Amino acid sequence: MAVLRIFSYLPNPRVWKATIAARLLGVGVEVVGDRPKALSGWLWDFDARPLEEAEKTPDNPHARASKRGFSAAMLYKTDAFLAAHPFGTVPAAFDPEGATGVFESNSILRAVARAAGGLYGDGPYEAARIDSFLDAGLVFAREAQAYLLALAAREASRELSDRMREAYAFYLDGIDNAARLGGEGLAGPFSIADIAFVCDFAQFRREERMADRLADCGLEPIYRPGDHACAHAHFDRLRRLPAFDADLGGGYVLETPAEERKSA
Ligand SMILES: N[C@@H](CCC(=O)N[C@@H](CS)C(=O)NCC(=O)O)C(=O)O
């Protein structure tokens, strides 16, 4: 049986955190969802489902104003969904019975690790060190979300770009320092800290697909392959492993030539 049910738009690198961990730990997660644009036509609930056309009206009792990341003005979230997910965001995870909501992709990742009993360090201090990487990653990911959404809408300002550049340098400097120590993982042993890093950084690398938008906004790309060599090497080594490639290899982020993928 799956240890979690996750509802989201798909593909979504934030969901990959959980699916990669589940693959590595040998447990199942159930993923329910649809293309980003289609998700505004779904009922957001533990038992999420596409709405009938007649249900997609502003007077539907579940209709709520969307907050971020969706072009649709309206999303349809049940009261039970909002009780389980007070911030109303996806990915939205639930325990198998639907009694407990788990939100924030890093916490959904933690839930998989805890349910399966692995990749979360040995004892409270190692687990807390792994949490430290997840927290630093969330700060980066939030900046990246605001930047990439504005870029996608061709509305990114110089101020936003400067702010992103600073957040990127701060985060990548730290990841580079940790990767340079030569451990199997950022926190020492390989852990969910590495999974979160790869997925958040993969999300950011979508910037490379937005060269036209950068030009429209009069901005230069922030990602530079020459800097942070240890961080990039860690990312490139992990993203080619089969458990990662199963999600990252789909072409959403980067094209990975088949011959570059590891077979074992
Ligand atoms: N930091 C969160 C980000 C989640 C998030 O912001 N989700 C947005 C879509 S990108 C959302 O669900 N928005 C719902 C709304 O607009 O009401 C995570 O990692 O899970």
So for segment 50-71 (the condition being among the β-branched types (Val, Ile, Thr) and closer than 28 Å to Ala152 by Cα), does at least one residue qualify? yes
Could we say that Phe81 is over 16 Å from Val15 (Cα atoms) and near the ligand (Cβ under 10 Å from one of its atoms) here? no
Near pairs, Cβ below 7 angstrom, 6+ apart or cross-chain, from segment 123-142 (under 12 Å from Ala193 (Cβ atoms)) to any residue that is among the β-branched types (Val, Ile, Thr) and open to solvent by less than 40 Å² (accessible area, probe 1.4 Å): Ile130/Ile192
Looking at (1) without any contact (Cβ under 8 Å) to a residue 12 or more places away in the chain; (2) of a type in the set (Gly, Ala, Ser); (3) surrounded by fewer than 16 Cβ atoms within 10 Å (Cβ to Cβ), which is the one condition that is false for Gly185? (3)
Name the residues in segment 155-169 that are part of a helix (DSSP H, G or I) and either open to solvent by less than 30 Å² (accessible area, probe 1.4 Å) or touching a residue at least 24 places away in the same chain (Cβ under 8 Å) (or both), would you? Arg158, Ser161, Met164, Arg165, Ala167, Tyr168
Just the residues that are under 25 Å from Asp162 (Cβ atoms) and within 11 Å of the ligand (Cβ to nearest atom), please, taken from segment 105-139. Gly137, Leu138, Val139
Can you say whether Trp16 is open to solvent by less than 50 Å² (accessible area, probe 1.4 Å) and farther than 19 Å from Ser107 by Cα, as far as the supplied structure shows? no
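The values are calculated or read from the model by the stated rules, or taken from the named source; none is laboratory data. Here the structure is a predicted model, which means the values were calculated and not measured. Every residue, glycine as well, gets a Cβ built from its backbone with ideal geometry; the counts of neighbours run over all protein chains shown. Side chains are part of the model used for accessible areas, which takes the heavy atoms of the whole protein and leaves out ligands, DNA and RNA. Shrake-Rupley method; radii C 1.70, N 1.55, O 1.52, S 1.80 Å.
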